[in-house]
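Some notes on the structure that comes next.
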Amino acid sequence: MKHFNTSSAMALVLLSTSLALTAASAAPMSNPMVGGQAMMKNMDIVDNAVNSPDHTTLVAAVKAAGLVDTLKGPGPFTVFAPTNEAFAALPAGTVDTLLKPENKPTLTKVLTYHVVPGRWDFASLSRAIRSGGGTADLKTVEGGTLTVMMNGPHNIVVRDEKGDIADISTYDVYQSNGVIQVVDKVLMPN
């Protein structure tokens, strides 16, 4: 009987350790890393973006466009958030030109084209794509349309109105007021 108790105790220790390791490995999934920084579900879109070294250009643009208060609002919003590399891939001088005060309306148009009302995570995007026969159109805050489609079993791409395609590189970065889908290109409205 003593052997059974020792075995039972050992099994409980192993089970507890396994559960603790599973919980520890699951923790980063609940607060994914973007640019080496944890994105906290209890923070809003702007506060998390400010913490991401991969999104400094986006944050500067949001500030220049006067959209900070909007993106700190209750939402929910889905932001297809271009990385610094995505902005750097634009033609030379584009970002500097957009950040000038006299170009605020154009900058606002470009940025709000990346924002869709609602909380569009991978599951809801893929359901909409299946329901749409392979594509789903999302109406942006700017008034334009982004088209999402599958590119493999677990890869969604986003097509802008000009026909350019962006890959979602980091999915489902949940925020207190929405979700961020990190994209590798700046999406452009017509």
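The values are calculated or read from the model by the stated rules, or taken from the named source; none is laboratory data. What you are looking at is a predicted structure, and each value in this text was computed from that prediction instead of being measured. Heads up, the Cβs are rebuilt from the backbone with ideal geometry, glycines too, and the neighbour counts pull from every protein chain shown.
Just a few scattered comments:
Here's the yes/no breakdown for (1) buried (at least 16 other Cβ atoms within 10 Å of the Cβ); (2) at pLDDT below 80:
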{"residue": "ALA23", "(1), (2)": "no, yes"}
{"residue": "ALA26", "(1), (2)": "no, yes"}
{"residue": "GLY36", "(1), (2)": "no, yes"}
{"residue": "ASP54", "(1), (2)": "yes, yes"}
{"residue": "ALA61", "(1), (2)": "yes, no"}
{"residue": "THR97", "(1), (2)": "no, no"}
{"residue": "LYS104", "(1), (2)": "no, no"}
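- Near pairs, Cβ below 8 angstrom, 6+ apart or cross-chain, from region 50-75 (more than 13 Å from VAL95 (Cα to Cα)) to any residue that is modelled with pLDDT of 80 or more and among the acidic types (Asp, Glu): ASP54/GLU85
- Yes/no for THR57 being among the polar types (S, T, N, Q) and in a helix (DSSP H, G or I): yes
- Only a single item in (1) farther than 15 Å from ALA86 by Cα; (2) surrounded by fewer than 20 Cβ atoms within 10 Å (Cβ to Cβ); (3) touching a residue at least 12 places away in the same chain (Cβ under 8 Å); (4) among the small types (Gly, Ala, Ser) is not met by SER169, and it is number (1).
- Positions within region 105-127 being of a type in the set (A, V, I, L, M) and in contact with a helix residue (DSSP H, G or I) (Cβ under 6 Å, 6 or more places away or on another chain), in sequence order: LEU107, LEU111
- Against the conditions (1) surrounded by 13 or more Cβ atoms within 10 Å (Cβ to Cβ); (2) modelled with pLDDT under 95; (3) hydrophobic (A, V, I, L, M, F, W, C), ALA92 satisfies every one except (1).
- Region 71-87: number of residues that are under 12 Å from VAL186 (Cβ atoms) and surrounded by 13 or more Cβ atoms within 10 Å (Cβ to Cβ): 7
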